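K.L.:
Here it is, the structure in full.
The values are calculated or read from the model by the stated rules, or taken from the named source; none is laboratory data. Here the structure is a predicted model, which is why all the values come from computation and not from measurement. When we count neighbours, we look across all protein chains shown, and the Cβ atoms used for this are built from the backbone with ideal geometry, even at glycine. Note: areas computed on protein heavy atoms with side chains; ligands, DNA, RNA excluded. Shrake-Rupley method; radii C 1.70, N 1.55, O 1.52, S 1.80 Å.
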Amino acid sequence: MKKGFQLKLAGLVLMSALIAFACSKEGNDNEDNPGSTDTFKSAMLVNYADNLIVPAYTDLNNKLGALTTSVNAFLAAPSELTLAATREPFKAAYIGFEGISVLYFGPASAQMLNSYTNTFPTVPARIEKGIETGNYNFTIPQNSDSIQGFPALDYLLYAPNAVSKFSGAGAAKRKKYVQDVLGRMKTLVENTLSQWNGPYHRIFITSLKTDVGSSIGSLVNQFAYEIDALKGPRIGWPFGKQSNGIVFADKCEGYYAGISAELAIANLSSLKNYYTGGSGDGIADYLVLLKKQDLNNAVLAQFDIALTALNAIPKPLSAAFVNNPVLVEGAYKQVQKLLTLIKTDVASATAVQITYQDNDGD
């Protein structure tokens, strides 16, 4: 009897241990428990959509409205004073664009929002020809991206002798061109925002995988792409990284308004905010869930190092390419280190395949 009781007791102990093990697996908040991980990812994507993405597009839309008002006031009465009144709204709207630049997937990608709104450098000769002939169509992808958007406004409003060109012969055509550029930008942003507030919202928050085309896959790809663009077109290319050290300062973003540095800093600051998820969960927290805390710490530290290096460059950035090359080179290298962390380590940790094409040669 005693022996039989001991056997039964041993069986009960073994069964209890198995039940306890099963329960511990059920409550484990990591990659061993796909259900729990999916719950986290779902909440994270809701945070991105509701607290970061929709507010960013709403902010840009509002700032474009304010810019349109100030520009129309200038066009109605061109003067140095009315032009000066457009500068802050222009800068605010352009910085607002940096808050959505990383979101070039889904509705934005379908409409080629970034290409049409911020392909730089612009091509002044093609803009002038379009104004003169009245023959331009901003909806045709072929070669139309470089004659519209913020870069076109940057040239039209802030290049030398801008005010005089909006007075006298040909002024009416020039004014119409500016208004068409602004109208096109507003339409693209409003359409994108409408889709985020509509059907695409659910598509985004329910895409819980990390494969090509998924929400997380798109975010990580765009993190890497934007940092690559910061390293290349925004800093490296005008600094001479593709031209044997020959500087092309006029090729940088926001050249005529002299806000290239501010835009670069805003771009990287926005990227850090998207990486962390703002006040909610983001890719940074997802790495912690995946037990990659050390990697996350390294990425956060490198964001701060790169931002410090960018802030150390005297403004305007276009002049610093020649006058402060050591500081520009330092910032370039820190951005390059951040790119490696995101494109290689974060992508690997999150099982995301990087699919965009590199900015080769920089």
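K.L.:
Within the range 72-82, is there a residue that is out of contact with any His (no Cβ under 7 Å at 6 or more places or on another chain), surrounded by 13 or more Cβ atoms within 10 Å (Cβ to Cβ), at pLDDT 95 or above and not in a helix (DSSP H, G or I)?
P.N.:
To start, the set of residues in the range 72-82 that are out of contact with any His (no Cβ under 7 Å at 6 or more places or on another chain) comprises 72-82.
Going one step further and asking which of them are surrounded by 13 or more Cβ atoms within 10 Å (Cβ to Cβ), we end up with 72-75, 78, 82.
Filter again for at pLDDT 95 or above, leaving 72-75, 78, 82.
If we keep only those that are not in a helix (DSSP H, G or I) too, we end up with 78.
Among the residues of the range 72-82, at least one is out of contact with any His (no Cβ under 7 Å at 6 or more places or on another chain), surrounded by 13 or more Cβ atoms within 10 Å (Cβ to Cβ), at pLDDT 95 or above and not in a helix (DSSP H, G or I), which makes the answer yes.
K.L.:
Right, Thr139: in a helix (DSSP H, G or I) and either among the acidic types (Asp, Glu) or surrounded by fewer than 21 Cβ atoms within 10 Å (Cβ to Cβ) (or both) or not?
P.N.:
No.
K.L.:
If the Cβ limit is 8 Å and pairs must be 6+ apart or interchain, which residue in the range 335-347 that is within 12 Å of Leu268 (Cβ to Cβ) and open to solvent by less than 10 Å² (accessible area, probe 1.4 Å) pairs with which residue that is small (Gly, Ala, Ser) and in a helix (DSSP H, G or I)?
P.N.:
That search, which allows pairs on different chains as well, returns Val335/Ala306; Val335/Ala309; Leu338/Ala306; Ile342/Ala224.
K.L.:
Where residues in the range 104-121 are open to solvent by 40 Å² or more (accessible area, probe 1.4 Å) and small (Gly, Ala, Ser), which of them is farthest from the chain's Cα centre (by Cα)?
P.N.:
This residue is Ala110.
K.L.:
May I ask you to verify whether Tyr104 is farther than 30 Å from Pro78 by Cα and among the aromatic types (Phe, Trp, Tyr)?
P.N.:
Yes.
K.L.:
Which of the following residues is farther than 30 Å from Thr37 by Cα, basic (Lys, Arg), without any contact (Cβ under 8 Å) to a residue 60 or more places away in the chain and surrounded by 18 or more Cβ atoms within 10 Å (Cβ to Cβ): Arg126, Arg174? Give the derivation first.
P.N.:
Details: Arg126 fails: surrounded by 18 or more Cβ atoms within 10 Å (Cβ to Cβ).
So the residue among Arg126, Arg174 that is farther than 30 Å from Thr37 by Cα, basic (Lys, Arg), without any contact (Cβ under 8 Å) to a residue 60 or more places away in the chain and surrounded by 18 or more Cβ atoms within 10 Å (Cβ to Cβ) is Arg174.
K.L.:
Separate question: Can you say whether Phe150 is in a loop (DSSP other than H, G, I, E, B), more than 30 Å from Ala349 (Cβ to Cβ) and open to solvent by less than 20 Å² (accessible area, probe 1.4 Å), as far as the supplied structure shows?
P.N.:
no
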